[in-house]
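S.K.: Once you've had a glance at the structure underneath, I'll fire off some questions.
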């Protein structure tokens, strides 16, 4: 049987890819427009962060972690000026559901993928995992494609929240973590102002943080047995292929 560590290392990159592919889709844009949000970054900030409830923008910036805080707070304020946070989250989740139905609706086994992903998510005690807990608490759609899409988002937030813990434990700042993994190009994309600190040492510490994240995620995936693990990976690969950019 594939070990849980091997499962995590095989599954999490696919979850990350599927769980983030919908953020700026046309389905999401249409759902956001219904509540008066037309800027895609404002919708991302208020929609993804809206599951935290009616909180101060600094709380959302803290939960997002890796973006410059002033960018998150500005876009979050722009989004919630159009609709309350929970309404933004509902619209964002509506767009996710439409995206899932469109791309995963005709794919066999999506109900099984959603079931297995939910089993992983439901095994977690969400200590210091705000975005994961908020997205997990949303109602599960009845449509298999939509349910699978939401489940991927939930698992993506699980690893994301745990990764923040690992970055803190590795004594990396958000900018250092970004530079250590993706270099200055990614830092510029996220609007971090230059000049950047020297890169020496960041890559090794970021690799260590990735390893720690895998260890933190592993207990949740222990819930899957031999047959579950094989099915989960097969269905993840199918979903990743169906949602890949065309």
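The values are calculated or read from the model by the stated rules, or taken from the named source; none is laboratory data. The structure displayed is predicted, hence computed values, not measured ones. Don't worry about glycine lacking a Cβ; one is built from the backbone with ideal geometry, like all the others, and counts go over all protein chains shown.
S.K.: Do we find that residue 107 is buried (at least 16 other Cβ atoms within 10 Å of the Cβ), assigned to a helix (DSSP H, G or I) and at pLDDT 95 or above in this structure? Talk me through it step by step, then tell me what you get.
M.R.: On the way: buried (at least 16 other Cβ atoms within 10 Å of the Cβ): yes; assigned to a helix (DSSP H, G or I): no; at pLDDT 95 or above: yes.
When the stated conditions are applied, residue 107 does not pass them.
S.K.: Just a yes or no: is a residue in segment 219-226 outside any helix (DSSP H, G or I), at pLDDT below 95 and surrounded by fewer than 21 Cβ atoms within 10 Å (Cβ to Cβ)? Show your work before the answer.
M.R.: Of segment 219-226, the ones outside any helix (DSSP H, G or I) are 222-225.
Okay, now just the ones that are also at pLDDT below 95, so none.
No, the conditions are met nowhere in segment 219-226.
S.K.: Kindly state which helices (runs of 4 or more DSSP H) lie completely within segment 1-69 and contain at least 2 residues that are touching a residue at least 24 places away in the same chain (Cβ under 8 Å), over 23 Å from residue 188 (Cα atoms) and over 15 Å from the mean Cα position of the chain (by Cα).
M.R.: Working: elements: 4-20, 26-34, 40-49, 57-64.
Here the list reads 4-20, 26-34.
S.K.: Against the definition (surrounded by fewer than 15 Cβ atoms within 10 Å (Cβ to Cβ) and part of a loop (DSSP other than H, G, I, E, B)), how does residue 196 come out, yes or no?
M.R.: Working: surrounded by fewer than 15 Cβ atoms within 10 Å (Cβ to Cβ): no; part of a loop (DSSP other than H, G, I, E, B): yes.
So residue 196 does not fit the description; no.
S.K.: Pairs only if they're at least six apart or on different chains, beta carbon under 6 angstrom, first in segment 164-186 and assigned to a loop (DSSP other than H, G, I, E, B), second buried (at least 19 other Cβ atoms within 10 Å of the Cβ); list them, first residue then second.
M.R.: Qualifying pairs under 6 Å: 170/209.
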